[in-house]
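Presented below is the structure to which this report refers.
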Amino acid sequence: MNGNGWRNRLRSSLLFAALLLAWEWASRELGLSALVLPAPSVIFRSLWNGLASGYFWPHIRSTGVELLLGLVTGCVIGFASGVVMAESKLLRGVLMPYVVVSQVIPKLALMPLFILWFGFGMTSTVVITALICFFPLMENTLTSLQQVPPERLELFRMLGATPTQTLLRLKLPSGLPGILAGLRVAVVLALVGAVVGEFIGASHGLGALVIASQGMMDTPLMFAVLVLIAVLGMAVYEATLLLERWLLLPYTKLS
């Protein structure tokens, strides 16, 4: 990371610390109830107790597994669908309406149906996670593969390249930045899908723990779980950025 990157990280950390201090001060001076808005120190105590006692770890593991399974499934199907529809105008015209319909229906409305089909537990959550993160990668893959400069396509035709060679050696490398941008969006939405799925269809996981803390009226616990969700999401997102830099490194060296 360059100097500007470290400075930006430092500024962001200082802003975060200032917000926490202001929040702590407001909670103490205004006498806010922990039931309404707990102070950061109270949230940190709840977070530490849950981690130290091992209470959080099974829920973190459950959400993490659902997140990864749903993300991999949705991204594999989304990428493959984007490639197929980019290469076939006929399939694009036939399948696109169904893809759009699958996305405009609220996923929360589909969850009872998934529970009926797959039962309570991990499978339903993985399915809804895959469905949520499928579309961004599919749409970005389709768009990126269609935006290859026409003169390059014509050059490959003149050289006698097959459609497969054109796809692998021209379209995919040219569209890689756009495809990876779709992956970043899919990663963020995948965690949303996993947590939302756990709200209804799971007894374990961070989403289920949010609902449980609401039932117990334990607001510090709810905030502690939200912190864990944020940390998990940032960790997966940073891993995606590392993967992106690694994949784009050969093209960066060429430029």
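Quick note: the coordinates plus some simple rules give every number you see, no bench work behind them. These figures come from a predicted structure and were not determined experimentally. Every residue, glycine among them, receives a Cβ derived from its backbone with ideal geometry; neighbour counts consider all protein chains shown.
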In whole Å, how far is the Cα centre of segment 1-65 from that of segment 124-145?
-> 31
So what is the diffusion coefficient of the chain in µm² per second by Stokes-Einstein at 10 °C and 1.306 mPa s, using a Kirkwood Rh over Cα pairs?
-> 76
Please identify every one of the chymotrypsin sites (Phe, Trp or Tyr not before Pro) in segment 22-122 that sits in a loop by DSSP and has no more than 16 other beta carbons within 10 Å of its own beta carbon.
-> Tyr55, Phe120
Per-residue ³J(HN,Hα) for segment 32-49, Karplus 6.51 cos²θ - 1.76 cosθ + 1.60, θ = phi - 60°, Hz, x for Gly and Pro | 5, 5, 5, 6, 8, 8, x, 5, x, 5, 5, 5, 4, 5, 5, 5, 5, 4
Cβ-based exposure ranking for Cys133, Cys75, in which fewest neighbours within 10 Å come first = Cys75, Cys133
For segment 45-189, report the convex hull volume of the alpha-carbon atoms normalised per residue, in Å³, without decimals.
-> 138
Select from Ala161, Ala194, Ala130 the residue whose mean-square fluctuation is largest in a Gaussian network model of the chain (Cα-Cα springs shorter than 10 Å).
-> Ala161
Work out Dmax and Rg for segment 131-255 from the C-alpha atoms and quote the Rg first, both in angstrom.
-> 20.6, 69
In the Gaussian network model of the chain, springs joining C-alpha atoms below 10 Å, which of Leu71, Leu242, Leu30 carries the largest mean-square fluctuation?
-> Leu30
Whole-number value, in Å³ per residue, for the convex hull of the alpha carbons of segment 24-67 is 85
Connecting every pair of Cα atoms under 10 Å apart in the chain and solving the GNM, the largest mean-square fluctuation among Val100, Val84, Val192 falls on Val100
